[in-house]
Each structure stands twice: as C-alpha cells, then as structure tokens.
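Peer 1: Okay, here's the structure, questions in a sec.
The values are calculated or read from the model by the stated rules, or taken from the named source; none is laboratory data. What you are looking at is a predicted structure, and each value in this text was computed from that prediction instead of being measured. So basically every Cβ, Gly included, is an ideal-geometry build from the backbone, and we count neighbours across all protein chains shown. The accessibility values were calculated without ligands, DNA or RNA, using every heavy atom of the protein model including side chains. Shrake-Rupley method; radii C 1.70, N 1.55, O 1.52, S 1.80 Å.
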Amino acid sequence: MLDPLERWKALGLPDKPDYAGLLTFAGMPYTQDAAELDGVDVAIVGAATDDLVSDRPGARFGPRAIRGASCPPGPHLEARLDWNEHLRVVDFGDAPVVPADPAGTHASIERLVGEVVGRGTIPVVLGGDHSITEPNVRAVAAAHGPVALVHFDTHTDTGTEVFGAELSHGTPMYRLVRDGHVDPARYVQIGLRGYWPGEAELDWQRERGITSFFMHDVRDLGIREVLERTVAIVGDAPAFLTVDVDVLDPAFAPGTGTPEPGGMTAVDLLWACRQLAARLRLVGMDVVEVIPTAVGSADVTALVAERVVREALTGIAVRRAT
C-alpha cells in the first residue's frame with residue numbers, strides 16, 4: 001500500500017506540507033486494491049458527478065476540493081482523541097464515473113462502495129450531487145438489510161421526479177424508501193426549510209412514518225434535543241449518515257447548488273455529526289453538493305465538508321475506544 005508520507009519520513013520529517021505529495025484525504029494511504037482493505041476501518045471514496053443537478057452545477061469537483069481542504073490528522077481538542085490513532089483509514093480513490101451517463105455512473109459508484117462494504121469497511125463517500133446517496137445506500141443495504149437514515153438537508157429529496165426526470169438529486173430518498181433500502185420508521189431528516197417540496201411529498205413522508213425536523217424545530221428545540229430524539233428513533237439499527245452542505249446557512253457554505261438562507265451553523269452540524277457517529281451503529285456516510293469556489297482551505301464550503309468527515313471519523317473512533 002502506497003504511503004504518501006514515505007519520502008518525507010525518509011528525510012526524518014514527521015509530516016509533509018498540505019500542498020505537497022499525493023492528494024489524498026488527510027494524507028491517508030492511497031489504494032484502489034480491494035484486497036488491501038482487509039483490516040481497514042474506513043475507506044474514503046470519491047463520487048465526482050453532478051449530471052443530475054437541477055440548478056447550479058460544479059459538484060463534480062467536490063471530492064477533489066474536499067481532499068484539497070484536508071489537513072493531517074491530530075488530536076481533537078474537545079474529544080481529546082486522534083482518530084488516526086484508533087482507526088485504519090485509506091483513500092480508495094474515485095469511482096470511474098461516466099459523463100452524461102448517470103445510470104452508468106450510479107452503477108459504477110454502487111460497485112465500488114460495494115467492494116468497500118464487502119471487506120467489512122465503512123465507506124465515507126465524497127460527492128458529487130445528492131443523487132449519489134442512492135447507489136451508496138443500495139450498496140450498504142445489500143450487506144446490512146434496510147438501514148436507518150439520518151439526513152441533513154434543506155430539502156427532503158423525496159420527489160417522485162424533478163423537471164419530469166425520475167433520476168435526480170431531488171429523488172434519491174423517495175426511491176430508497178420505495179425500493180426497501182431505507183426503513184422509513186428509522187429515517188430522520190434535519191434542517192428542512194425553504195420552498196420545496198410541497199404537501200404531496202410531505203404527506204407521503206408522514207404516511208410512512210418518516211421524521212422531519214425543520215429549521216424552526218432546530219431553532220426552538222435546540223440541536224441537542226433534536227439529536228436525542230434522532231438517536232432514540234434510529235436505535236441500534238445499522239445507520240447511514242448523509243450530509244448535504246446546503247443544510248448550512250450560506251454564510252457557512254456558499255459553494256453549493258441550491259443555497260437557502262436561514263440554515264444551520266457549522267458549530268451545530270459538526271458537533272451533531274461527531275455525536276451521531278459516536279452513538280449510532282454507522283455503516284456508511286456521504287457528504288454532498290460541494291461546489292468549489294476557491295483553492296484549498298480558502299474554500300470555506302470544501303473546508304466545512306472536510307470537517308464534517310473529520311468529526312464523523314472522530315465519533316467512530318470514540319465509539320471504538322469506549
């Protein structure tokens with residue numbers, strides 16, 4: 001397995017500059033050999049596609065930007081733990097996407113994520129538009145059965161179609177519930193606001209027992225109470241965490257396709273992701289809809305998305321260490 005730090009260590013240096021060497025998440029070792037996943041706890045996977053967006057494109061560059069915004073691991077000053085000391089993490093590269101062929105791209109993503117899950121490794125997928133959650137969850141559910149879903153987003157993404165198209169970044173959750181890959185009684189949405197979807201979609205959700213926390217719920221109840229209720233709903237089921245960065249107020253994540261004012265703060269989202277990863281039986285995760293607007297850590301949207309992953313890794317490590 002190639003270690004990106006090898007040349008620097010040969011010089012007696014403990015680390016490398018963020019801007020040098022192979023671009024991997026947090027400088028983790030890179031491999032695309034599934035045989036090398038044995039004993040690996042988490043594999044970072046890129047899903048560089050945005051063919052199914054309904055508004056602003058550019059999320060295909062998200063995986064590269066998130067990797068570029070990452071920094072070497074180190075101790076979490078609140079959790080007092082370094083995830084890299086408790087977890088084996090590798091960067092498993094990107095799924096071979098097929099431009100202008102979303103069905104082919106989804107099949108490719110599902111195969112690659114399936115390779116990760118098949119080795120007993122947790123996939124953390126960097127998107128890409130939110131349609132990638134469908135192949136991600138399908139691959140995880142093939143191994144674990146119907147999963148619980150915790151979904152941070154401005155939108156429900158439970159439309160039956162968007163602009164007449166059934167395959168869209170606005171329809172993956174509808175399709176996953178419809179096809180039995182997500183248990184609707186253990187499906188929680190957090191951060192909803194704005195002007196879509198309508199009553200038909202919300203009625204469909206209520207009929208199936210899906211739990212929705214709107215931004216006014218987060219505001220009035222507080223993120224801690226929302227989290228406690230979420231954990232109680234999910235229970236000990238295998239759970240998938242999906243984070244659309246547009247759940248954040250555009251002040252914290254301006255680089256996204258469908259920004260909506262009045263969203264979550266980065267403080268609340270990062271804390272919640274760490275807590276959920278520590279308290280749930282997480283079997284997969286993705287972070288999506290990042291549209292790069294600058295280079296490296298100057299891109300605040302890619303930076304906060306990278307920290308979402310880092311907080312989740314810290315949470316997984318906390319769970320493993322206790």
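Peer 1: Within 10 Å, at most 15 other Cβ atoms, and a DSSP state outside H, G, I, E, B define an exposed site. Report the longest part of the chain free of exposed GluC sites (Glu not before Pro). Before the final figure, lay out the partial values.
Peer 2: Numbers: sites that count: Glu78, Glu161, Glu166.
In the chain, the maximal stretch lacking such sites is 167-322.
Peer 1: Find the accessible area per residue for the chain; the probe is 1.4 Å, ligands and nucleic acids are left out, and the unit is Å². Don't skip to the end; give the middle numbers.
Peer 2: Working: 13010 Å² over 322 residues.
Heavy-atom SASA per residue in the chain reads 40 Å².
Peer 1: Additional query: Show me 234-241, 258-265 ranked by packing, highest mean number of other Cβ atoms within 10 Å first. If you can, show how the numbers build up before the last one.
Peer 2: Numbers: 234-241: 20.4, 258-265: 18.8.
Result, highest mean first: 234-241, 258-265.
Peer 1: In addition: Within segment 123-192, what whole-number % of the accessible surface is contributed by carbon and sulfur, with the 1.4 Å probe and all protein chains included in the calculation? Kindly include the intermediate steps, with their values, before the conclusion.
Peer 2: On the way: 850 of 1780 Å².
Here it works out to 48 percent.
Peer 1: Starting from the residue with the highest accessible area, list Tyr30, Tyr174, Tyr195 in decreasing order, probe 1.4 Å.
Peer 2: Numbers: Tyr30 75, Tyr174 45, Tyr195 205 Å².
Sorted by accessible area, descending: Tyr195, Tyr30, Tyr174.
Peer 1: What list of ³J(HN,Hα) couplings, whole Hz, do you get for segment 83-88 from phi and the Karplus terms 6.51, -1.76, 1.60, once you set θ to phi - 60° and write x for glycine and proline?
Peer 2: 4, 5, 8, 10, 10, 9
Peer 1: Another question about this same structure. Report the gain in length on full extension from Asp55 to Arg119: 0.36 nm times residue separation, minus Cα-Cα distance, nm rounded to one decimal. Each step should come with its number before you reach the end.
Peer 2: On the way: separation 64, 0.36 × 64 = 23.04 nm, distance 3.66 nm.
Length gained, Asp55 through Arg119: 19.4 nm.
Peer 1: Taking the dipole about the Cα centre of the chain, with the C-beta of Lys and Arg at +1 and of Asp and Glu at -1, give me whichever of Thr49, Gly222, Pro102 is farthest to the positive side.
Peer 2: Comparing the listed Cα positions along the dipole, Gly222 ranks first.
Peer 1: Another question about this same structure. What size of dipole, in debye to the nearest 20, comes out for segment 142-224 about its Cα centre when the only charges are +1 on Lys and Arg C-beta atoms and -1 on Asp and Glu C-beta atoms?
Peer 2: Numbers: 8 positive and 12 negative charges, 62 e Å.
With only Lys, Arg, Asp and Glu charged at Cβ, the dipole is about 300 debye.
Peer 1: Of Gly145, Met173, Gly198, which is farthest towards the positive pole of segment 138-201's charge dipole, taken about the Cα centre with +1 and -1 on the beta-carbons of Lys, Arg and Asp, Glu respectively?
Peer 2: Farthest towards the positive pole: Gly145.
Peer 1: Another question about this same structure. Quick one: dipole size for segment 1-141, taken about the Cα centre, charges +1 on Lys/Arg Cβ and -1 on Asp/Glu Cβ, in debye to the nearest 20. Walk me through the numbers on the way to the answer.
Peer 2: Numbers: 12 positive and 21 negative charges, 39 e Å.
The dipole magnitude comes to about 180 debye.
Peer 1: So, one more: Within segment 103-188, which trypsin sites (Lys or Arg not before Pro) sit in a loop by DSSP and count at most 12 neighbouring Cβ atoms inside 10 Å?
Peer 2: Numbers: sites: Arg111, Arg119, Arg138, Arg175, Arg178, Arg186; in loops: Arg119.
Hits after loop and neighbour filter: nothing returned.
Peer 1: Suppose every K and R has +1 on its Cβ and every D and E has -1 on its Cβ; what is the size of the dipole of the chain about the Cα centre, in Debye to the nearest 20? Provide the component values of the computation, followed by the final result.
Peer 2: Values: 28 positive and 46 negative charges, 168 e Å.
So the magnitude is around 800 debye.
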